[in-house]
Amino acid sequence: MDRAVDDFGFEHVPETDQSFENALAKARAGDRLTVDDGVELLTTGTDHEGIDPRRKEQVLEAADRRRAEVVGEEVTFVANLNNNVTTACNTGCLFCNFKDTAANFERDSGVDHPGFTKTPAESRAVVRDALSRGVYEVTSVSGLHPALALDAEHHEILAGYDAPANQVNYKPPERYDTDPGTYLEQMRAMSRDGAHLHSMTPEEAYHAIRGTDWSYEDAYRRLADAGLASVPGTAAEILVDEVRDVICPGKIRTDDWVEAMEAAATVGLPMTATVMYGHVENEMHRAMHLKVVRDLQDRTGNITEFVPLSFVHRTTPLYERGIVSGGATFEEDELMVAVSRLFLDNVEHVQSSWVKYGDERGLKLLSCGADDFMGTILSEEITKRAGGSEGEFRSVRDYVEMITAVGRVPVERSTDYRTRRVVDPEERPLGPTLGPQADGTPLMASQTAPADD
Ligand SMILES: C[S@@+](CC[C@H](N)C(=O)[O-])C[C@H]1O[C@@H](n2cnc3c(N)ncnc32)[C@H](O)[C@@H]1O
Ligand SMILES: Nc1c(NC[C@H](O)[C@H](O)[C@H](O)CO)[nH]c(=O)[nH]c1=O
Ligand SMILES: N[C@@H](Cc1ccc(O)cc1)C(=O)O
Ligand code: SF4
């Protein structure tokens, strides 16, 4: 990644005192890897330019073997729904095209925009419909809408700040076309009738305590009481501040992200962790990120899965302003997944995201160290808006066909992986059964096969 090194004057660069051979030997032996080892594996050796195809295969093989030892041949997926509450956000992350300027949502803005905000009642209706189709989990990640507050008390505190109001990034709900309600109201609405609610990233948790002296733990405890069941570890991007300064200067810093995740763990919430890579960062930053996650997991043990998210560049400010010329290559994707598996010796599952990679490459990544194939999601906005085109839905039938085609065992899982169901490819109907109202009915009418299903 010479581009990044040259353009940004980063302090951290992919230079080490380690050799590729030593790092590979340690990886094969199952020894705990250092950041330098990680860099050697991610670069296939800093002793030469570019990715060496033979060395890359060695890294992928080591990761695939480790995957087989740790989790065997099962490939898991979850029957879930994405229900994002709002796209209003002023944080301004340069890799993101999911958000819309919050001012556009104001009653008198006169701006016609593609964004949306759902009231708690609207969220409730979307979830009710998805539950009747058999979903287990509701995933909800949203923009930081200025009118969103934890609860009525939080509204009062935020309203007490003098102008400029955006000192605490707050405007009262009356200013907007649609009132998103409070975080607690949204939690209650989305967790009703037994849905497992996976929501409130560290960035959202920060928004839920902004302008107060409340701790992340206070917030997560109250969110959990209102129905939150697990936490998405997005907003991680690259957990090295010199990279965050370039791609998301308005976002919480690395220390805050870690603090929020530790708080979620203290409250007893399972959580995922992510990395969003393939933009301005180099392999040293990627390896340093893995170390932050591994240390966090040493302290908490609550991370159920690690999710590498390849940067989707097409319609993002980073790309449109010429700051980057594209995303990661597939070789980099393979190595990111493989080194995640090898480095994170304390995280059991590594996810392959079909939304980011597509089916074919997503399946290939299941032989590079990944063992989870994401979820049905039923709708998708983050990748689509960034110019991705891999679709918004996979049925249980799609999953079974793809996973069996690569010789692995399809398993429907709960979010925390504790409940699992090995899916018999011959069974009919072929739908989810773990959701509170799931009875095996295929998730979507359009996906129902003609006669035999
Ligand atoms: C869109 S945000 C929504 C939740 C909340 N606003 C936050 O930042 O945590 C969720 C995550 O989507 C991922 N994301 C956003 N834009 C992306 C892109 N262009 N390519 C890949 N991942 C992206 C980032 O990792 C981000 O943290
Ligand atoms: N990788 C992506 C995910 N993964 C999250 C899963 O769908 C699921 O919520 C998690 O495994 C917890 O059970 N979701 C997306 O919407 N987009 C992705 O790229
Ligand atoms: N929001 C992320 C995906 C994601 C969601 C929940 C998770 O636990 C992990 C990853 C995206 O689409 O880019
Ligand atoms: S990544 Fe999240 S915080 Fe950043 S602009 Fe997008 S929605 Fe807002």
- Note on the structure: Within the range 1-29, the count of residues that are in a helix (DSSP H, G or I) and either touching a strand residue (DSSP E or B) at 6+ places or on another chain (Cβ under 6 Å) or modelled with pLDDT under 95 (or both) comes to 7
- Taking the range 160-195 as the search range and keeping residues that are in a loop (DSSP other than H, G, I, E, B) and of a type in the set (Ser, Thr, Tyr), which one is most open to solvent (accessible area, probe 1.4 Å)? Tyr161
- Task: Among the residues of the range 379-408, count how many are of a type in the set (Ser, Thr, Tyr), under 18 Å from the mean Cα position of the chain (by Cα) and assigned to a helix (DSSP H, G or I).
- Result: 1
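Quickly run through the range 266-293 and pick out the residues that are over 30 Å from Glu334 (Cβ atoms) and hydrophobic (A, V, I, L, M, F, W, C). First the steps, then the outcome.
If we filter the range 266-293 for residues that are over 30 Å from Glu334 (Cβ atoms), which is where we start, we get 266-269.
Passing the criteria: Val267, Leu269.
Is it the case that the range 240-255 has a residue that's closer than 25 Å to Glu137 by Cα and not aliphatic (A, V, I, L, M)? Give the steps one after another, and end with the answer.
Going residue by residue through the range 240-255, those that are closer than 25 Å to Glu137 by Cα are none.
No, that holds for no residue.
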- Message: Filter the range 82-96 down to the residues that are within 27 Å of Thr415 (Cα to Cα) and of a type in the set (S, T, N, Q) and list them by number.
- Response: Asn82, Asn83, Asn84, Thr86, Thr87
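Mind checking which residues of the range 91-105 are open to solvent by 40 Å² or more (accessible area, probe 1.4 Å) and either charged (D, E, K, R) or away from ligand 3 (no atom under 16 Å from the Cβ) (or both)? Steps first, please.
Start the filter on the range 91-105 by keeping residues that are open to solvent by 40 Å² or more (accessible area, probe 1.4 Å), which leaves 97, 99, 101, 103.
Correct list: Lys99, Thr101, Ala103.
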- Note on the structure: Residue count, the range 106-152, condition of a type in the set (D, E, K, R) and within 16 Å of ligand 3 (Cβ to nearest atom), comes to 1
- Message: Take residues that are within 15 Å of ligand 4 (Cβ to nearest atom) and under 30 Å from Tyr161 (Cβ atoms) and tell me which of the helices (runs of 4 or more DSSP H) falling wholly in the range 209-322 contain 3 or more.
- Response: 241-247, 254-266
- Query: Given the conditions (1) hydrophobic (A, V, I, L, M, F, W, C); (2) open to solvent by 20 Å² or more (accessible area, probe 1.4 Å); (3) under 17 Å from Asn84 (Cβ atoms), which single one is not true for Ala205?
  - Reply: (2)
- Task: Being over 17 Å from Ala68 (Cα atoms) and surrounded by fewer than 23 Cβ atoms within 10 Å (Cβ to Cβ) is the filter; apply it to the range 329-352 and report the residue that is farthest from ligand 4 (Cβ to nearest atom).
- Result: Glu331
- When you look at Val71, is it of a type in the set (Val, Ile, Thr) and open to solvent by 10 Å² or more (accessible area, probe 1.4 Å), yes or no? yes
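The values are calculated or read from the model by the stated rules, or taken from the named source; none is laboratory data. Here the structure is a predicted model, which means the values were calculated and not measured. Note that each Cβ is placed from the backbone with ideal geometry, even for glycine, and that neighbours are counted across all protein chains shown. Remember, those area values only see protein heavy atoms, side chains included, never the ligands or the DNA or RNA. Shrake-Rupley method; radii C 1.70, N 1.55, O 1.52, S 1.80 Å.
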